[in-house]
Amino acid sequence: PDGEDGIDYIAGGTVSVDGTLAEALFIGPSKSGGDLNYLYFTTDSGSTLDFRPMDLTLLMGPQSKGVSSMIVFNNNLYVAFPDSGGKAPYLLKIVDAVESPVENNHVFDLIAKSMPSVGKGAALPGLKNGAGIIGVDSFGIFGDVGDENLYLANGGIYVDNADPTKVKVDGGIVRSTTIDPAPYPGPGPDWEDITPTGTDWDAGDPIALRSSIYLRNTNKLIPAEKAFPAMAVFNGDLYTIRNTEGVNGGPQLWKQIYNVSPALNTWTLVAENGATCFTNMGDPLNTSITLLIVNGTWLYIGYDNVNGVQIYRTNVATPGESDFTQVSTDGFGDAANNKKIYNGVSIASAGTDYLWILTGGGADGKVRVYRTNND
């Protein structure tokens, strides 16, 4: 109704709606003309849903055109809007879904622009994210029950003006230190930078060898356009997939063992390709890793591939790359039309865990839905 031309993201969960906890569904629209002003939400069920608008005009920038990610965490909705302005990325925490929210009452600006590695306005020059467009690629929830942390990640680029050939930051990963984080930095502080380091991450010279990809668009994003398309918790560990570029660029799968101390914040790369540090299952045409999802007792990952999307899975508690087995034919038997993964969800029904995958990217311009289980 406000000139939107698509839907970028949906999320659901139990949140406060007009002051009362309820299960709600949220739509994050796309508005290619810019000046995105609204989210939409409903508590209805059934075949007809009556969506209500949430006016965020006073909190958004004129260059905002879409939503890159949303998640419900601790009865609050977190939503990120990619932007090219000085306040990028816009990250809002909605504590009460109402049609006309009041800042610092119903909705909070989490000041993600100041988050190290993630934001354009980080205080330390070496931690600024200097990409032209900055969003939040994905969220994750990880930790002990009742004491979880909210994780968020993005790509980006920062070029040192004194040495334009060297990138200092190519995005990063930040997590909350509390289940109810305040705007950055918060009194705790409530946020900490947990971006991995080392040659597996940036190969020592990120701009020449390996760096996270960064957003080229502000709306209608697909997983292959994100540095961190997804996060998932499997057998008590947090996993995230990462797309990189450069001489040694390629897809990666990273794992973190949970701990509460940032000094023990250890990430490991799940890969066995030697110095290249890829997680591509030995197929150089698996250029973008675009699916990461837990289905029952299995961890699935998927790739965009010019010869058709590829799906792999493992049930090994601490897997290496060799522990994954391919469980799909090339492009689900239609390699010409299923070259990209757009989305995946796990749904349990009548005691069976089903994995649903949305694909496309072929010459016919169509999208298709496939379903499998763990047989």
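The values are calculated or read from the model by the stated rules, or taken from the named source; none is laboratory data. Every value quoted in this text rests on a predicted model; they were computed, and no experiment measured them. So basically every Cβ, Gly included, is an ideal-geometry build from the backbone, and we count neighbours across all protein chains shown. With ligands, DNA and RNA removed, areas are computed over all heavy atoms of the protein, side chains included. Shrake-Rupley method; radii C 1.70, N 1.55, O 1.52, S 1.80 Å.
Things to note:
- Residue within region 49-60 that is more than 30 Å from residue 224 (Cα to Cα), open to solvent by 70 Å² or more (accessible area, probe 1.4 Å) and modelled with pLDDT of 95 or more present: yes
- Scanning region 3-26 for residues that are open to solvent by less than 50 Å² (accessible area, probe 1.4 Å), touching a residue at least 40 places away in the same chain (Cβ under 8 Å) and part of a loop (DSSP other than H, G, I, E, B) yields no hits at all.
- Among residues of region 300-320, those that are open to solvent by less than 30 Å² (accessible area, probe 1.4 Å) and within 20 Å of residue 224 (Cβ to Cβ), counted: 11
- Hits in region 84-104 - residues which are hydroxyl-bearing (Ser, Thr, Tyr) and either assigned to a loop (DSSP other than H, G, I, E, B) or more than 16 Å from residue 117 (Cα to Cα) (or both): 84, 100
- Residue ID - farthest from residue 149 (Cα to Cα), chosen from residues in region 208-240 that are crowded, with 20+ Cβ neighbours inside 10 Å and modelled with pLDDT under 90: 210
- Test: residue in region 153-172 that is out of contact with any Asp or Glu (no Cβ under 7 Å at 6 or more places or on another chain), surrounded by 24 or more Cβ atoms within 10 Å (Cβ to Cβ), at pLDDT 95 or above and within 30 Å of residue 62 (Cβ to Cβ): no
- Enumeration of residues in region 108-143 that are within 11 Å of residue 87 (Cα to Cα), of a type in the set (A, V, I, L, M, F, W, C) and modelled with pLDDT under 90: 122
- Looking at region 37-83, none of the strands (runs of 3 or more DSSP E) lying wholly inside it contains 3 or more residues that are in contact with a Gly (Cβ under 6 Å, 6 or more places away or on another chain) and not basic (Lys, Arg).
- Cβ pairs under 9 Å, 6+ apart, first in region 36-47 and crowded, with 17+ Cβ neighbours inside 10 Å, second assigned to a strand (DSSP E or B) and of a type in the set (S, T, N, Q): 36/30
- Comparison of 72, 79 shows that the only residue that is aliphatic (A, V, I, L, M), within 17 Å of the chain's Cα centre (by Cα) and surrounded by fewer than 21 Cβ atoms within 10 Å (Cβ to Cβ) is 72.
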